[in-house]
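The values are calculated or read from the model by the stated rules, or taken from the named source; none is laboratory data. Being a predicted model, the structure only gives us computed values, none of them experimental. Glycine gets a Cβ as well: all are built from the backbone with ideal geometry, and neighbour counts include every protein chain shown.
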């Protein structure tokens, strides 16, 4: 039972992180409209995409574990 509760808590944290990354990515995309040559903005967007890929792998693995 404890593992199930930990899994639910982990899922909530993963979704919160994904939501935060989505907001950061959206803000970075807005900044890129102002300065499309900004290396910092490009780095932020790249990091956001990498984090979202990792989150997607975690979610895919979770689905695989439940079947």
| Here are some conditions: (1) touching a helix residue (DSSP H, G or I) at 6+ places or on another chain (Cβ under 9 Å); (2) modelled with pLDDT of 95 or more. Residue 46 meets all but one. Which one does it not meet? | (1)
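Listed here are the residues, each with its yes/no results for (1) in a helix (DSSP H, G or I); (2) surrounded by 12 or more Cβ atoms within 10 Å (Cβ to Cβ); (3) over 14 Å from the mean Cα position of the chain (by Cα); (4) at pLDDT 85 or above.
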{"position": "5", "(1), (2), (3), (4)": "yes, no, yes, no"}
{"position": "14", "(1), (2), (3), (4)": "yes, yes, no, yes"}
{"position": "17", "(1), (2), (3), (4)": "yes, yes, no, yes"}
{"position": "26", "(1), (2), (3), (4)": "yes, no, no, yes"}
{"position": "30", "(1), (2), (3), (4)": "yes, no, yes, yes"}
{"position": "33", "(1), (2), (3), (4)": "yes, no, yes, yes"}
{"position": "36", "(1), (2), (3), (4)": "no, no, yes, no"}
{"position": "41", "(1), (2), (3), (4)": "yes, yes, yes, yes"}
| request: Report whether or not residue 58 is touching a helix residue (DSSP H, G or I) at 6+ places or on another chain (Cβ under 7 Å), in a helix (DSSP H, G or I) and at pLDDT below 90. | output: yes
